[in-house]
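Participant: The structure is given below, and queries will be raised subsequently.
The values are calculated or read from the model by the stated rules, or taken from the named source; none is laboratory data. Remember, it's a predicted structure, so these values are computed and weren't measured experimentally. When we count neighbours, we look across all protein chains shown, and the Cβ atoms used for this are built from the backbone with ideal geometry, even at glycine. To get the accessible areas, we keep the full protein, side chains included, count just its heavy atoms, and leave off ligands, DNA and RNA. Shrake-Rupley method; radii C 1.70, N 1.55, O 1.52, S 1.80 Å.
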Amino acid sequence: MDLLHECATASAADTLSAMAEPRPRSNHCNGTHKSPPYHLNGLTKRNGFSKTVQNGKPNCGLYNREFKESFEEAPLYVAVFTYIGYGLVTLFGYLRDFLRAWGLEKCHMAEEREEQKDFVPLYQDFENFYTRNLYMRVRDNWNRPICSVPGPHFDLMERVTDDYNWTYRYTGKVIKDVINMGSYNYLGFAENNEESLETVKEAVLAYGPGICSTRQEMGHLEKHQELEDLVAEFLNVEMAMVFSMGFATNSTNIPALVGKGCLILSDELNHTSLILGARLSGATVRIYKHNNIKNLEKLLREAIITGQPRNHRAWKKILILVEGIYSMEGSIVRLPEIVALKKKYRAYLYLDEAHSIGAVGPTGRGVVEYFGMDPTDIDVMMGTFTKSFGAIGGYIAGKRELVEYLRTHSHSALYAASLSPPVTEQIIRVMKCFMGRDGTQTGLKRVRQLAENTQYFRQRLRDMGFITYGNEDSPVVPVLLYMPGKVGAFSRHMLEKKIGVVVVGFPATPITEARARFCISAAHTKEILDTVLDALDELGDFLRLKYSRHQRADRTATYDEPNVELDA
């Protein structure tokens with residue numbers, strides 16, 4: 001099997017014989033460390049109102065530290081009132097639609113003109129029901145325009161509505177120094193420090209703001225080559241390639257790697273860019289439960305045994321799609337076990353480190369470093385520069401053959417404009433800071449500061465009684481709000497306290513798991529975090545948001561160990 005070659009039909013016997021060939025074994029366990037007493041397995045069920053935690057003993061050598069994740073269940077009454085809340089909002093939505101139909105209430109949504117009524121409608125009325133009657137009630141909590149650098153503080157343009165969030169007008173006033181708890185500025189490199197940005201300024205003067213061409217034509221600069229060499233060195237792989245858009249890095253490169261007759265096994269919580277890339281590829285897509293190694297192994301075994309539907313031929317390729325940190329749950333991938341499975345079943349692994357590169361690991365090199373693993377165990381290493389690097393774009397890294405193949409087969413490589421020179425220089429500047437090439441320890445200090453801030457913030461939230469999701473080392477911290485009425489109230493009250501937060505609800509989350517998502521940054525000082533925590537403590541009592549009954553969920557669901565054998 002080769003991820004880069006054309007998909008060729010293989011018999012089941014050939015596939016099984018290839019699986020039987022001896023392969024290099026992982027050597028994570030040296031017998032000298034103490035095995036942790038347990039680790040958490042993520043989600044085990046989605047019944048509309050709860051998730052339970054799975055505890056089990058990891059295989060020897062897969063983890064050299066305790067792997068702690070929490071997905072605590074809310075009390076049953078919370079789910080009941082959440083459904084009642086959505087039911088009431090839906091009921092009043094139908095009532096207001098009835099009033100609009102009779103002209104008793106004005107509808108501000110896009111509508112067909114009278115002379116077009118005989119044509120097929122461009123706007124489907126019922127499809128806009130949720131937007132029209134539910135989202136509009138809380139629309140003021142999103143798309144707030146900022147007018148400053150999105151650092152630990154930012155400025156907001158004040159806006160008001162005279163028609164219940166259908167339209168807005170700006171007052172001309174600015175809300176100054178709002179604490180930023182929502183940006184993906186994990187290491188604080190989205191800054192306007194003139195001294196630090198001197199090289200970026202020089203890049204603008206030397207090359208201009210844009211290239212106006214693709215890499216294949218006139219858009220390949222020596223700066224791009226310098227960045228790619230630096231990324232490969234930073235990740236300790238053979239070669240890397242950069243792209244001008246993080247979302248497109250996934251959505252246009254996955255179709256170049258797999259196609260019809262191939263199988264994609266995708267985590268149920270994967271980002272939309274991974275989902276879109278998988279759909280565009282034409283490959284068969286199967287979903288496995290989040291971080292559930294037993295479920296993933298079951299799908300792998302079935303894929304090997306039964307082959308493709310109808311003809312039962314062997315799959316041409318099997319590709320596992322995972323993320324380093326899942327941006328909505330704050331969960332970290334169980335990478336050692338997934339790597340062990342992909343080796344055992346001779347599959348390929350595509351790792352999206354958009355939120356984990358720079359954010360975890362002793363020196364910010366992502367989940368591969370976080371688990372102390374060999375980068376060569378990952379077939380395709382993907383990441384973005386839009387979070388920890390304070391820039392835009394993404395990268396694909398791995399073997400030389402992989403990158404050379406994508407240079408001529410990726411739609412982003414062939415048709416997308418190159419990274420602008422100042423953005424490229426910004427990424428180079430930050431990466432050199434990570435690697436200590438700037439002559440300072442700034443990068444390392446920021447990585448350590450982020451870890452300290454994350455653990456402090458999460459611990460304080462648990463002590464207060466909030467239900468939080470995810471890994472204790474993840475800077476993405478979801479705080480569960482559940483009820484739709486409390487989502488808007490939470491965001492508005494926090495803004496009154498000059499704290500900007502991101503609230504997320506259905507359909508971005510399950511209907512009963514609306515939440516506020518805090519993104520911790522190394523730029524946050526202890527005083528900033530304490531200010532936010534004090535406001536959360538007060539607001540949690542006022543809105544009755546402290547649903548946790550335990551500091552860590554103790555409801556467990558046992559499961560059988562996956563059949564993964566590694567050298568001890």
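Participant: Among all residue pairs at least 6 apart or on different chains, which show Cβ distances below 9 Å where the first residue, located in segment 217-229, is basic (Lys, Arg) and the second is assigned to a helix (DSSP H, G or I)?
Facilitator: What qualifies is Lys223/Ala203; Lys223/Tyr207; Lys223/Pro421; Lys223/Thr424; Lys223/Glu425; Lys223/Ile428.
Participant: Can you spot a residue in segment 498-518 that is modelled with pLDDT of 95 or more, within 24 Å of the chain's Cα centre (by Cα) and farther than 27 Å from Gly324 by Cα?
Facilitator: Yes, segment 498-518 contains at least one residue that is modelled with pLDDT of 95 or more, within 24 Å of the chain's Cα centre (by Cα) and farther than 27 Å from Gly324 by Cα.
Participant: Go through segment 316-336 and give me each residue that's crowded, with 24+ Cβ neighbours inside 10 Å and among the charged types (D, E, K, R).
Facilitator: Selection gives Glu323, Glu329, Arg334.
Participant: How about segment 457-468: which of its residues are open to solvent by less than 50 Å² (accessible area, probe 1.4 Å) and part of a helix (DSSP H, G or I)?
Facilitator: Going residue by residue through segment 457-468, those that are open to solvent by less than 50 Å² (accessible area, probe 1.4 Å) are 457-458, 461-462, 464-468.
Correct list: Phe457, Arg458, Leu461, Arg462, Met464.
Participant: Of all residues in segment 371-402, which are of a type in the set (Ser, Thr, Tyr) and open to solvent by less than 20 Å² (accessible area, probe 1.4 Å)? Give the steps one after another, and end with the answer.
Facilitator: Here is the first cut: in segment 371-402, the residues of a type in the set (Ser, Thr, Tyr) are 376, 384, 386, 388, 395.
Once the filter is applied, which keeps residues that are of a type in the set (Ser, Thr, Tyr) and open to solvent by less than 20 Å² (accessible area, probe 1.4 Å), segment 371-402 yields Thr384, Ser388, Tyr395.
Participant: Return the residues of segment 412-432 that are polar (S, T, N, Q) and farther than 14 Å from Leu187 by Cβ; say none if nothing qualifies. Explain how you work it out, then say what you get.
Facilitator: As a first pass, look at segment 412-432 and keep what is polar (S, T, N, Q): 412, 418, 420, 424, 426.
Result: Ser412, Ser418, Ser420, Thr424.
Participant: Starting from residues that are out of contact with any Lys or Arg (no Cβ under 9 Å at 6 or more places or on another chain), assigned to a helix (DSSP H, G or I) and of a type in the set (Ser, Thr, Tyr), keep the ones in segment 413-456 and report whichever is surrounded by the fewest Cβ atoms within 10 Å (Cβ to Cβ).
Facilitator: Taking the candidates together, the pick is Tyr415.
Participant: Related question: Do the conditions hold for Glu527, that is, is it modelled with pLDDT of 95 or more, surrounded by fewer than 22 Cβ atoms within 10 Å (Cβ to Cβ) and over 21 Å from Met464 (Cα atoms)? Spell out how you get there, then give the answer.
Facilitator: On the way: modelled with pLDDT of 95 or more: yes; surrounded by fewer than 22 Cβ atoms within 10 Å (Cβ to Cβ): yes; over 21 Å from Met464 (Cα atoms): no.
The answer is no for Glu527.
Participant: Restricting attention to segment 138-165, which residues are more than 15 Å from Ser183 (Cα to Cα), in a loop (DSSP other than H, G, I, E, B) and free of Cβ contacts under 8 Å to residues at least 12 places away in the same chain?
Facilitator: Listed by number, the list holds a single entry, Asp162.
Participant: Can you tell me which residue among Ile305, Ile264 is of a type outside the set (S, T, N, Q), more than 18 Å from Ala340 (Cβ to Cβ) and open to solvent by 60 Å² or more (accessible area, probe 1.4 Å)?
Facilitator: Values: Ile264 fails: open to solvent by 60 Å² or more (accessible area, probe 1.4 Å).
Residue meeting the stated conditions: Ile305.
Participant: Out of all the residues in segment 110-138, which are under 30 Å from Gly488 (Cβ atoms), open to solvent by 60 Å² or more (accessible area, probe 1.4 Å) and either modelled with pLDDT of 75 or more or of a type in the set (S, T, N, Q) (or both)?
Facilitator: Gln124, Tyr130, Tyr135, Arg137
Participant: For segment 203-232, how many residues are of a type outside the set (D, E, K, R) and either part of a loop (DSSP other than H, G, I, E, B) or open to solvent by 90 Å² or more (accessible area, probe 1.4 Å) (or both)? Show your work before the answer.
Facilitator: Narrowing segment 203-232 to residues of a type outside the set (D, E, K, R): 203-214, 216, 218-221, 224-225, 227, 230-232.
Filter again for either part of a loop (DSSP other than H, G, I, E, B) or open to solvent by 90 Å² or more (accessible area, probe 1.4 Å) (or both), leaving 205, 208-213, 216, 218-221.
The number of residues fulfilling the criteria is 12.
Participant: Now a separate question. Going by the structure shown, is Tyr405 aromatic (Phe, Trp, Tyr), touching a residue at least 60 places away in the same chain (Cβ under 8 Å), open to solvent by 30 Å² or more (accessible area, probe 1.4 Å) and in contact with a Leu (Cβ under 9 Å, 6 or more places away or on another chain)? Step through it out loud before you land on a result.
Facilitator: Numbers: aromatic (Phe, Trp, Tyr): yes; touching a residue at least 60 places away in the same chain (Cβ under 8 Å): yes; open to solvent by 30 Å² or more (accessible area, probe 1.4 Å): yes; in contact with a Leu (Cβ under 9 Å, 6 or more places away or on another chain): yes.
Yes.
Participant: Being open to solvent by 80 Å² or more (accessible area, probe 1.4 Å), modelled with pLDDT under 90 and part of a loop (DSSP other than H, G, I, E, B) is the requirement here; does Phe49 meet it? Walk me through how you get there before you give the answer.
Facilitator: Working: open to solvent by 80 Å² or more (accessible area, probe 1.4 Å): no; modelled with pLDDT under 90: yes; part of a loop (DSSP other than H, G, I, E, B): yes.
Spelling it out, it is not the case that Phe49 is open to solvent by 80 Å² or more (accessible area, probe 1.4 Å), modelled with pLDDT under 90 and part of a loop (DSSP other than H, G, I, E, B).
Participant: Here is a further query. Out of Val200, Val237, I need the residue that is in contact with an Asp or Glu (Cβ under 8 Å, 6 or more places away or on another chain), open to solvent by less than 70 Å² (accessible area, probe 1.4 Å) and either under 24 Å from Ala359 (Cα atoms) or free of Cβ contacts under 8 Å to residues at least 24 places away in the same chain (or both). Which one? Please lay out each step first, then the result.
Facilitator: On the way: Val237 fails: in contact with an Asp or Glu (Cβ under 8 Å, 6 or more places away or on another chain).
That would be Val200, the only listed residue that is in contact with an Asp or Glu (Cβ under 8 Å, 6 or more places away or on another chain), open to solvent by less than 70 Å² (accessible area, probe 1.4 Å) and either under 24 Å from Ala359 (Cα atoms) or free of Cβ contacts under 8 Å to residues at least 24 places away in the same chain (or both).
Participant: Give the residue that is farthest from Ser521 (Cα to Cα), with candidates limited to residues of segment 484-505 that are hydrophobic (A, V, I, L, M, F, W, C) and open to solvent by less than 30 Å² (accessible area, probe 1.4 Å). Walk me through it before giving the result.
Facilitator: As a first pass, look at segment 484-505 and keep what is hydrophobic (A, V, I, L, M, F, W, C): 487, 489-490, 494-495, 499, 501-504.
Then drop every residue that is not open to solvent by less than 30 Å² (accessible area, probe 1.4 Å), which leaves 487, 489-490, 494, 499, 501, 503-504.
Values: Val487: 23, Ala489: 25, Phe490: 21, Met494: 18, Ile499: 14, Val501: 13, Val503: 18, Val504: 19 Å.
Within segment 484-505, the match that is farthest from Ser521 (Cα to Cα) is Ala489.
Participant: Within the bounds of segment 315-328, is there any residue that is modelled with pLDDT under 95 and either part of a loop (DSSP other than H, G, I, E, B) or not aromatic (Phe, Trp, Tyr) (or both)?
Facilitator: First, the residues of segment 315-328 that are modelled with pLDDT under 95: 327-328.
Checking which are either part of a loop (DSSP other than H, G, I, E, B) or not aromatic (Phe, Trp, Tyr) (or both) leaves us with 327-328.
So far as segment 315-328 goes, yes, one or more of its residues are modelled with pLDDT under 95 and either part of a loop (DSSP other than H, G, I, E, B) or not aromatic (Phe, Trp, Tyr) (or both).
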